[in-house]
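Participant: The structure that follows is given in the form of structure tokens.
The values are calculated or read from the model by the stated rules, or taken from the named source; none is laboratory data. Bear in mind that the values here come from a model prediction, so they are computed numbers and not experimental data. Positions of Cβ are backbone-derived with ideal geometry, glycine not excepted, and every protein chain shown enters the neighbour counts. Keep in mind that these areas ignore ligands, DNA and RNA; they rest on the heavy atoms of the full protein, side chains included. Shrake-Rupley method; radii C 1.70, N 1.55, O 1.52, S 1.80 Å.
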Amino acid sequence: MGYSLQSKSQKEDMLNVYVDEKGKPYKKAGKIDYVAAWYFKASQYMQGTTIRCALVSTNSITQGEQVSDVWQPLYERFGIHIDFAHRTFRWDSESTDKAHVHVVIIGFSTDNNSKRWLYNGADKQQVQNINPYLVAAPTVFIASHSKPLCNVPVMLNGGKPAEGGNLILTIEEKNELLKAEPQGEGFLRPFMMGKDFIDRKPRYCLWLVGAKPAELKKCPHILKRIEAVRDFRLASKKEATRKKADTPTLFDEVRECSTRFIALPKVSSEQRRYIPMDYLDADIIPGDKLFMIPNAGLYNFGILMSNVHMAWMRAVCGRLEMRYSYSNTIVYNNFPWPNPTDKQRAAIEQTAQGILDARALYPDSSLADLYDPVTMPPELLKAHRANDKAVMQAYGFWGKLNSESECVAALMKMYEELVRKN
């Protein structure tokens, strides 16, 4: 049970269990999955013994922001380590509705003499260490950071509409509106959430930032939608949303870029080797399921589209079931960037452009089409491989690291150094 599903008494349980030596709750104790309480109690009972424990758990405690909140107290207070782990797999229910969950199995103890085994499906590997992300890498805790640890462009959230579907229009609704009141055309902008972006099927939004009241009053259909936004927000259970009823012409959170920007979806299929990213024009309004990086060049695009960044993302991001749930505060802001030579930077810019050129060969294909592992065009795959090589050379990984887990281990060491410097 995640935080949002816990009852009041369950949240109190967590605050009573997840406490430090003085009996005070850890800072994020009330925000972590309920299953973590059993890890804490087991660690208490095992401390100073050779007892070992294993639990089946929802996989979210090994992903994203929860990792440091769940595991750091166990490592620092009780001295536990992970003896073995089965990485995420789907566990089908025996019930008639065939419900299923995505789980991990983690064996842990305070006895430091056992061998460590990491399981991934049918594969079994003996490793030196298993960290709480269930990666064969040093034990690190990747904390949420509001700004990038490296000197790179800032990644921002898109805007949050919170308008009950009254400011967002399909292409059919847009055409219908303009047929009724063509004078409202200047108030419409292309709009994208994550799925719109990947499928390349933009919707439209009423973008009324700076709109003159006199002009709006000439558009009764738009006014009707604005009134519906106000009613929707007033009916909300959240006080913050009710306050936004005072400004029904605007998104709950107003975000737009004045320049072209890199867009990245918050959620993407785990079947894709690369999370699709692309440049969008400044007239497109990104929604809150889309990240935006203004002032980002081809070098930035090349690094972010590389297998190095994807390996980091897979190791530390959150998940929705198995889908990647990208985070700017955990994944992007903590990502260790390389220090390339001028020649290496130029090579990455060239291979990044190669990816865009390969996509341009298929103008009628969406990003979903292009990055489907079955239908990915050979020219695009070749361009990505060239970009992967250029980026790995900039990191000094090329010819030295032969697996994704080795790459992640090296990145986590770089992360530790970044944190020390910052």
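Participant: Quick one: among 146, 68, 325, which has the greatest mean-square fluctuation in a GNM of the chain with alpha-carbon springs under 10 angstrom?
Facilitator: Looking only at 146, 68, 325, the biggest GNM fluctuation is shown by 146.
Participant: Report the equivalent ellipsoid semi-axes for segment 20-106 in whole Å, largest first, defined as the square roots of five times the eigenvalues of the gyration tensor built from alpha carbon atoms.
Facilitator: Numbers: eigenvalues 129, 50, 25 Å².
Equivalent ellipsoid of segment 20-106: 25, 16, 11 Å, largest first.
Participant: If I model segment 245-386 as equal point scatterers sitting on the Cα atoms and use the Debye formula, what is log10 I(q)/I(0) at q = 0.11, 0.19 Å⁻¹?
Facilitator: Reported log10 I(q)/I(0), two decimals: -0.45, -1.28.
Participant: Can you give me the Rg/Rh ratio for segment 32-167, using Cα atoms for both radii and the Kirkwood formula for Rh?
Facilitator: Values: Rg = 18.3 Å, Rh = 17.1 Å.
Answer for segment 32-167: 1.07.
Participant: Please identify, among 395, 26, 45, the residue showing maximal mean-square fluctuation in a Gaussian network model of the chain using a 10 angstrom Cα cutoff.
Facilitator: 45
Participant: Under unit Cβ charges (Lys, Arg +1; Asp, Glu -1), what dipole magnitude, rounded to 20 debye, does segment 215-354 have relative to its Cα centre? Walk me through the numbers on the way to the answer.
Facilitator: Details: 22 positive and 16 negative charges, 94 e Å.
So the dipole magnitude of segment 215-354 works out to roughly 440 debye.
Participant: Quick one: divide the alpha-carbon radius of gyration of segment 14-62 by 2.2 N^0.38 Å and tell me what you get.
Facilitator: Details: Rg = 11.5 Å, N = 49, 2.2 N^0.38 = 9.7 Å.
Computed over Cα atoms of segment 14-62, the ratio equals 1.19.
Participant: Nearest 20 debye, what's the magnitude of the dipole of segment 326-422 about its Cα centre given +1 on Lys and Arg Cβ and -1 on Asp and Glu Cβ? If you can, show how the numbers build up before the last one.
Facilitator: Working: 10 positive and 12 negative charges, 93 e Å.
I would put it at about 440 debye.
Participant: Further, regarding this structure: Rounded, prolate or oblate: which one fits segment 185-229, using the alpha carbon gyration tensor with axes a ≥ b ≥ c (rounded when a/c is under 1.5, else prolate when a/b beats b/c, else oblate)? The partial results should precede the final answer.
Facilitator: Working: a/c = 3.13, a/b = 2.34, b/c = 1.34.
In terms of gyration-tensor shape, prolate.
Participant: Rounded, prolate or oblate: which fits segment 354-422 when a ≥ b ≥ c are the square roots of the eigenvalues of the alpha-carbon gyration tensor, with rounded for a/c under 1.5 and prolate only if a/b beats b/c?
Facilitator: Values: a/c = 2.68, a/b = 2.34, b/c = 1.14.
Cα axes put segment 354-422 in the prolate bin.
Participant: Kindly report, to the nearest 10 Å², the accessible surface of residue 407 as traced by a 1.4 Å probe over protein heavy atoms only.
Facilitator: 10 Å²
Participant: Give the Kirkwood hydrodynamic radius (Å, one decimal) of the chain, defined as one over the mean of 1/r across all pairs of different Cα atoms.
Facilitator: Details: mean 1/r = 0.0417 Å⁻¹.
For the chain, the Kirkwood estimate is 24.0 Å.
Participant: Same structure, new question: Compute the FRET efficiency between residue 215 and residue 421 as 1/(1 + (r/R0)^6), taking r as their Cβ-Cβ distance and R0 = 60 Å, and round to the nearest 0.05.
Facilitator: On the way: r = 52 Å, r/R0 = 0.87.
The computed FRET efficiency comes out at 0.70.
Participant: Sticking with this one: Taking only the alpha carbons of segment 304-388, what extent do you get along each of the three principal axes, in Å, biggest first?
Facilitator: Projected onto the principal axes, the Cα atoms of segment 304-388 cover 39, 34, 16 Å.
Participant: Using only the alpha carbons of segment 124-258, what is the convex hull's orientation-averaged projected area in square nanometres? Write down the numbers at each step before the final one.
Facilitator: On the way: hull surface 53.5 nm².
Averaged projected hull area, Cα only: 13.4 nm².
Participant: Looking only at Cα atoms, what is the convex hull volume of segment 92-192 per residue, in Å³?
Facilitator: Numbers: hull volume 28.1 nm³, N = 101.
Spelled out: Cα convex hull of segment 92-192, divided by residues, is 279 Å³.
Participant: Would you grab the residues whose amide H sits under 5 Å from the one on residue 134? Only those 5+ places off in sequence or on another chain, please, with H modelled 1.01 Å from N.
Facilitator: none
Participant: Please identify, among 12, 253, 65, the residue showing maximal mean-square fluctuation in a Gaussian network model of the chain using a 10 angstrom Cα cutoff.
Facilitator: 12
Participant: Next up: Once both labels are modelled 7 Å past Cα along the beta-carbon direction, what's the residue 171-residue 124 spacing in nm?
Facilitator: Modelled inter-label distance: 5.4 nm.
Participant: Another one. So what's the angle, to the nearest 10 degrees on a 0 to 90 scale, between helix 220-234 and the longest Cα principal axis of the chain?
Facilitator: Result, in degrees: 30.
Participant: Compare 185, 417 by solvent-accessible area with a 1.4 Å probe and give them largest first, with all protein chains kept in place. Provide the component values of the computation, followed by the final result.
Facilitator: On the way: 185 120, 417 95 Å².
Solvent-accessible surface, decreasing: 185, 417.
Participant: Another question, if that's okay. Eigenvalues of the Cα gyration tensor times 5, then square-rooted: what semi-axes does that give for segment 228-319, in whole angstrom, largest first? Please report the intermediate quantities before stating the final value.
Facilitator: Numbers: eigenvalues 213, 63, 17 Å².
Semi-axes, largest first: 33, 18, 9 Å.
Participant: Another question, if that's okay. Relative contact order of the chain: what whole-number percent is it, with Cα pairs under 8 angstrom and at least 6 residues apart?
Facilitator: Values: 745 pairs, mean separation 63.5, N = 422.
For the chain, the relative contact order is 15 percent.
Participant: Another one. In Å², what does the accessible area per residue of segment 1-145 work out to with a 1.4 Å probe? All intermediate terms of the calculation are to be shown ahead of the outcome.
Facilitator: Working: 7710 Å² over 145 residues.
Ligands and nucleic acids excluded, the figure is 53 Å² per residue.
Participant: Another question about this same structure. Given an 8 Å cut-off on Cα distances and at least 6 residues of separation, report the relative contact order of segment 200-340 as a percent. Show your work: numbers first, answer last.
Facilitator: Numbers: 153 pairs, mean separation 25.8, N = 141.
After rounding, I find 18 percent.
Participant: Something else about it: Return one number: the angle in degrees, 0 to 90 and rounded to the nearest 10, between the long axis of the Cα atoms of helix 171-180 and the longest principal axis of the Cα atoms of the chain.
Facilitator: Between the helix axis and the principal axis of the chain, the angle is about 20 degrees.
Participant: Could you work out the relative contact order of segment 1-67, using alpha carbon pairs under 8 angstrom and six or more residues apart, expressed as a whole percent?
Facilitator: Working: 51 pairs, mean separation 19.6, N = 67.
That works out to 29 percent.
Participant: How far apart, in nm, are the 7 Å Cα→Cβ label points at residue 35 and residue 147?
Facilitator: My value for the distance between the label points is 3.7 nm.
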